[in-house]
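Enquirer: This is the structure I have questions about; it appears just below.
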Amino acid sequence: KPATDNYEKGEVLKTHEAIESLDKSFATLQIKLAPPGSSQKMKNSDATGAVSTLAGIDSPRKKTFMVIGINTAFSSRRRRDSIRETWMPQGEKLVRLEREKGIIIRFIIGHSATSDSILDRAIDSEDAQHKDFLRLEHVEGYHELSAKTKTYICTAVANWDAEFYVKVDDDVHVNLGKLAALLGRHRSKPMAYIGCMKSGPVLSKKSVKYHEPEYWKFGEEGNKYFRHATGQIYAISKDLASYIAANQHILHKYANEDVSLGSWFIGLEVQHLNIKSMCCGTPPDCELKAKAGNACAASFDWSCSGICRSVEKIKIVHQRCGEGDAVVWSALF
């Protein structure tokens with residue numbers, strides 16, 4: 001009988017351990033599938049720790065208003081310089097913008113496929129000079145833009161506790177004061193997805209630009225995508241960014257980056273805010289709107305998916321459509 005008792009106790013102990021293991025697995029799954037709206041709860045949970053380790057940091061994230069990530073490539077030095085010479089503050093002004101207005105601006109770029117390549121060293125040198133990069137754990141490549149956007153959002157969430165996270169391309173002109181004021185009007189909406197919404201055709205032919213290899217997922221040939229923000233510039237609220245960070249490993253990536261982002265919000269109670277001032281044209285369009293007292297938050301040419309010949313033309317756009325350097329400092333948001 002004693003042997004039987006020991007056997008039964010052993011079986012009970014194994015069952016108890018199995019239940020504990022299942023409980024832990026379930027708790028982990030709950031964190032991974034944490035719904036939007038839970039970012040406040042995440043602060044004191046393991047989820048915050050999991051997110052913060054993405055950037056290898058243990059210190060509390062700094063609270064700020066918005067993080068703007070400017071998507072750029074190794075070959076785009078002249079584009080970056082054109083932005084530095086126009087709408088992006090430099091040096092002490094960039095630091096002051098973060099400290100006084102809560103606006104973080106960084107060029108976002110990953111690494112080359114070759115370790116410590118001349119491309120990486122060039123970015124390191126440029127960053128040492130300007131201190132305006134956010135380096136991502138990502139291998140650069142044109143067909144990897146969806147992965148890069150996901151990594152950017154996760155890294156930004158790990159570093160900053162912002163109310164909004166913005167992505168903009170490096171051939172787009174931005175009026176920072178207008179953008180900040182615009183987003184400020186929507187800060188009470190925890191599930192805000194802000195930009196110029198569209199639903200273009202799903203392109204099944206391999207020979208065309210923006211071809212969608214998974215076109216069959218979208219129904220019959222000739223169908224359109226679900227509504228999503230155009231990729232030149234968009235903003236998402238804290239809760240949506242936290243959702244992406246918590247679920248990054250199970251979010252599917254489509255060929256087109258803006259489609260991927262929109263797909264991650266399908267099935268969620270997201271507010272799609274279609275803001276036309278985030279996709280104004282270049283002069284005369286943005287100039288006429290500015291003269292009418294309705295300055296644009298962002299300007300670009302639809303025909304080029306950005307400002308055509310942006311290195312030369314962005315200065316003209318800034319001169320004719322820029323809000324003025326003082327606006328962002330006086331903007332209320």
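The values are calculated or read from the model by the stated rules, or taken from the named source; none is laboratory data. Note that this is a predicted model, so its numbers are computed, not measured. Cβ coordinates were reconstructed from backbone atoms using ideal geometry, including for glycine residues, and neighbour counts include every protein chain displayed. When the accessible area is computed, the model is the full protein with side chains, heavy atoms only, and any ligands, DNA or RNA have been set aside. Shrake-Rupley method; radii C 1.70, N 1.55, O 1.52, S 1.80 Å.
Enquirer: Just the accessible area for Lys315, please: 1.4 Å probe, Å², rounded to the nearest 10?
Expert: Around 90 Å² of this residue is reachable by solvent.
Enquirer: Turning to a different aspect of this structure: Quick one: accessible surface of Thr151, probe radius 1.4 Å, all protein chains present, in square angstrom to the nearest 10.
Expert: Its heavy atoms expose roughly 40 Å² to the probe.
Enquirer: Further, regarding this structure: Run the quick spin-label model on Glu137 and Phe74: label points 7 Å from Cα toward the beta carbon, then report their separation in nm to one decimal.
Expert: The two pseudo-label positions are separated by 2.1 nm.
Enquirer: Just the accessible area for Arg320, please: 1.4 Å probe, Å², rounded to the nearest 10?
Expert: Surface accessible to solvent at Arg320 totals approximately 110 Å².
Enquirer: Next question. Whenever you get a sec, line up Ile194, Ile266 from highest to lowest accessible area (probe 1.4 Å, protein heavy atoms). Numbers along the way, then the final one.
Expert: Working: Ile194 0, Ile266 105 Å².
In descending accessible area the options line up as Ile266, Ile194.
Enquirer: Ok, one more. Show me 242-248, 284-290 ranked by packing, highest mean number of other Cβ atoms within 10 Å first.
Expert: Averaged packing, sorted descending, gives the order 242-248, 284-290.
Enquirer: Right, next: What's the FRET efficiency of Cys304 with Thr86 using the Cβ-Cβ distance as r and R₀ = 22 Å, to the nearest 0.05?
Expert: 0.80
Enquirer: Please compute the length gained on full extension between Ser199 and Arg187, using 0.36 nm multiplied by the number of residues separating them and subtracting their Cα-Cα distance. Present the calculation step by step, with values, prior to reporting the outcome.
Expert: Numbers: separation 12, 0.36 × 12 = 4.32 nm, distance 2.54 nm.
Extra length from Ser199 to Arg187 when fully extended: 1.8 nm.
Enquirer: Now for a different question. Shape call for the range 63-330 from the C-alpha gyration tensor, a ≥ b ≥ c root eigenvalues: rounded (a/c under 1.5), prolate (a/b greater than b/c) or oblate?
Expert: The shape class here is rounded.
Enquirer: Turning to a different aspect of this structure: Spin-label point model (7 Å from Cα, Cβ direction): what's the Ser330 to Lys291 distance in nm?
Expert: For Ser330 paired with Lys291, the spin-label model returns 2.2 nm.
Enquirer: If you don't mind, another one. From a point 7 Å beyond the Cα of Arg320 in the direction of its Cβ, which residues of the range 267-301 have a backbone N at a distance under 18 Å?
Expert: Flagged as within label range: 279-301.
Enquirer: Arrange the peptides 175-181, 82-88 so that the one whose residues have, on average, the most other Cβ atoms within 10 Å appears first.
Expert: In decreasing order of mean packing, 175-181, 82-88 become 175-181, 82-88.
Enquirer: Of Lys131/Lys315; Lys150/Lys289; Lys224/Lys276; Lys238/Lys289, which pairs sit farther than 25 Å apart, going by alpha carbon to alpha carbon?
Expert: Lys150/Lys289; Lys238/Lys289
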